[in-house]
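The values are calculated or read from the model by the stated rules, or taken from the named source; none is laboratory data. Note that this is a predicted model, so its numbers are computed, not measured. Don't worry about glycine lacking a Cβ; one is built from the backbone with ideal geometry, like all the others, and counts go over all protein chains shown.
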Amino acid sequence: MEMLRLEFDLQHHLVLSRKNASDHALIRLILSTLATTAEIANLSKRDLRRSGKRYFVQLFGEKCRISPLDEQTFKLISEIQDEKPYKLKEEEIDKIVSRYSPKDRKYTAKSLRRAMITFLKDSALFEVKFESLDFDELEDFMNDFNPLFSGVWLEEEGLRDFILNYSTLNNISDPKIIAEETGIDESFVASVLRSEKSIFSLAKKYDSERFIF
């Protein structure tokens, strides 16, 4: 269940940050490229690259590296007006990340990055050292295992699971409140809550029944 909760936390940042395009792009940059705060602060739009339908970015932190980038994040960063989108200190970046964290777990940029690494390694089901992968290997890996590259976390099925889990973990059953807090269409939220149960609620029910003698 812990890995399911970890996935919810990551998706929580992604879904709720959509209310602010610049913040959403920053969250996506961390989840898509595993960017550090130094790499985010040093980012310029001229560091973005495109080759056909392949997108990547040159990042400058402790050392220079080139990372694959999902298409939507590429577009969002490209649309930010300033040449350097995030001229921010680490604590300012942390404040943005914290703003979209679940109510019971507050993340920093560093811990969000760590969480994404944990999620990716678990999804792959094999040991992977990202720093040892060349660009093509890393691109293949992200296309296979990173939900930002497939878009699944923000597609209908991914949002259905998120709504159910959001409702259970926050103990909120009112579609209007969930819609206001998440930015998801209220009619869609209502239809999901009427039709399905969260895996977290089913797990709670299972645990309670196990101890009935």
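Of the helices (runs of 4 or more DSSP H) lying entirely inside the stretch 104-184, those carrying at least 1 residues that are more than 28 Å from residue 67 (Cα to Cα) and in the same structural domain as residue 195 (by TED's automatic domain parsing) are 156-170, 175-182. Residues in the stretch 114-153 that are surrounded by fewer than 19 Cβ atoms within 10 Å (Cβ to Cβ), closer than 16 Å to residue 73 by Cα and within 13 Å of the chain's Cα centre (by Cα): 150, 151, 152.
Per-residue answers, yes or no, for (1) touching a residue at least 12 places away in the same chain (Cβ under 8 Å); (2) farther than 20 Å from residue 182 by Cβ:
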site	(1), (2)
81	no, yes
84	yes, yes
90	yes, yes
93	yes, yes
97	yes, no
110	yes, yes
114	no, yes
120	yes, yes
125	no, yes
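When the residues of the stretch 92-113 are filtered to those that are exposed (fewer than 13 other Cβ atoms within 10 Å of the Cβ) and of a type in the set (Lys, Arg), the one that is farthest from residue 28 (Cα to Cα) is 103. Would you check if there is a residue in the stretch 76-88 being within 16 Å of residue 28 (Cα to Cα), in contact with a strand residue (DSSP E or B) (Cβ under 7 Å, 6 or more places away or on another chain), in a helix (DSSP H, G or I) and not charged (D, E, K, R)? Among the residues of the stretch 76-88, at least one is within 16 Å of residue 28 (Cα to Cα), in contact with a strand residue (DSSP E or B) (Cβ under 7 Å, 6 or more places away or on another chain), in a helix (DSSP H, G or I) and not charged (D, E, K, R), which makes the answer yes.
When every residue of the stretch 52-59 is checked against the conditions, at least one turns out to be over 20 Å from the mean Cα position of the chain (by Cα), modelled with pLDDT of 95 or more and under 18 Å from residue 113 (Cα atoms).
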